[in-house]
Each structure stands twice: as structure tokens, then as C-alpha cells.
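For reference, the structure discussed in these notes is given below.
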Amino acid sequence: MRALILLSALVVCGFAAPGGAMAQAGPPPLRVKVLLASSPHLDATARTRHEAMLQSLSAGGSSGGWFELLPTGLDLAEFEHCTISAQDTRTCASRQLAEQGATGATIVVLAGGAGERASWICVGTGPQPSSPDRQFIRFDLNAALDTASPKRMGTRAAAAGCITSAGAESGW
């Protein structure tokens, strides 16, 4: 009887999985509505690479990630205009979030630059950034997407920190 109970416990815990691998479960990914708004001056390749960077943070991505990325329902063109407006880009995005009625964990990532001169400004629905030093990052986009680059994990962590700090601004 004890052996049967032990065997049942091993199966439930994953010790008896094929190959002897133990099942691993971490915390569930954070559910967050994210809109990536790129500068209209970026070429299609740079825009695609910024999108790939964001998707690398998604739990559904091939390298795993921190977030379950959800659609925002926001008007992208207004936020893209913020990336080139004469006023402060963060203030512009914050105003647009309010005007479009964004609530909860809604984050806009304002992406600029390409290659070694990429940047993100992460804006939440709050009146001011919760961690201004974490909500604006500069990074090498090429290294961030290169799986062999020693900068990749640090850059992904900084990008995740940008989004989570904007989430804290949004009242998480």
C-alpha cells in the first residue's frame, strides 16, 4: 500500500516522467496589455526587430518570458506620433492613454532607434513614472536578439523591468 502511495506521489510530482525528468513549474506570466509604437522614421527591418524583442519577453515565445502579452485596443497612430512630436514623448503618450480611456495594466512601449542605438520608453496609465530610471532604456538591439550574445539576457531583463515598472505606474 505504501509503495502504491509513493508511486502515485512520484507520478503527480513528475519524478516518473519519461527520461526521469522532473516537471518544473514557475509562477504564471504577468498578464499585461502592451502596445509597441515605433517611430515612423524607423525602417521596416528596425520595426520588425523591436517587435521581435517584445515577443522575446512573451511567455509564448521560444525562449520563454515574463509576460502574457494582450492586445490593448488603442489607436497605434496616435502613439507613433508621440515618438516624433515636439513635446515630451512620455507626456504625449500619457495624455493619449488618458484620452483613449486606457485602464489597468496597459503599457505603451515607445520604440526608437535601431542597431546599437535602440531605445524604449515604457509608459503606464499613471500620472508619472514609478521608476523613471527603469522606464527609459537604451540598448543594442542586435545583441538583444542574438542568442549567442552575452548582452542578450541583461537586455531582456532591462526590457522586462521597463514594462513591469510601467505596470507599477499603472497600479499593479
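Scan segment 51-66 for residues that are in contact with a helix residue (DSSP H, G or I) (Cβ under 7 Å, 6 or more places away or on another chain) and modelled with pLDDT of 90 or more and jot them down.
Within segment 51-66, ALA52, MET53, SER56, LEU57 qualify.
Yes or no, residue by residue, for (1) under 22 Å from PHE67 (Cβ atoms); (2) in contact (Cβ under 8 Å) with a residue 24 or more places away in the chain; (3) touching a helix residue (DSSP H, G or I) at 6+ places or on another chain (Cβ under 6 Å):
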| site | (1), (2), (3) |
| --- | --- |
| ALA98 | no, yes, no |
| ALA102 | yes, yes, no |
| GLY112 | yes, yes, no |
| THR125 | yes, yes, yes |
| SER130 | yes, yes, yes |
| ASP133 | yes, no, no |
Any residue in segment 39-58 that's in contact (Cβ under 8 Å) with a residue 24 or more places away in the chain and open to solvent by 30 Å² or more (accessible area, probe 1.4 Å): show its pairings with residues that are in a helix (DSSP H, G or I) and not basic (Lys, Arg) at Cβ separation under 7 Å, as long as the two are six or more apart or on different chains.
PRO40/GLU80; ARG49/LEU141; ARG49/LEU145; ALA52/LEU145
Kindly indicate whether any position in segment 7-29 is surrounded by 11 or more Cβ atoms within 10 Å (Cβ to Cβ), polar (S, T, N, Q) and at pLDDT 80 or above.
no
Looking at segment 122-172 only, could you name the residues that are open to solvent by less than 60 Å² (accessible area, probe 1.4 Å), β-branched (Val, Ile, Thr) and over 18 Å from LYS33 (Cβ atoms)?
ILE137, THR155
Return a yes/no flag: does segment 61-71 have any residue that is open to solvent by 20 Å² or more (accessible area, probe 1.4 Å), part of a loop (DSSP other than H, G, I, E, B) and among the aliphatic types (A, V, I, L, M).
no
Quick one: how many residues across segment 76-101 are touching a strand residue (DSSP E or B) at 6+ places or on another chain (Cβ under 8 Å) and open to solvent by 20 Å² or more (accessible area, probe 1.4 Å)?
6
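The values are calculated or read from the model by the stated rules, or taken from the named source; none is laboratory data. Remember, it's a predicted structure, so these values are computed and weren't measured experimentally. Methodologically, a virtual Cβ is constructed for each residue, glycine included, from the backbone with ideal geometry; neighbour enumeration extends over all protein chains shown. Surface areas here come from the heavy atoms of the whole protein model, side chains and all, with no ligands, DNA or RNA. Shrake-Rupley method; radii C 1.70, N 1.55, O 1.52, S 1.80 Å.
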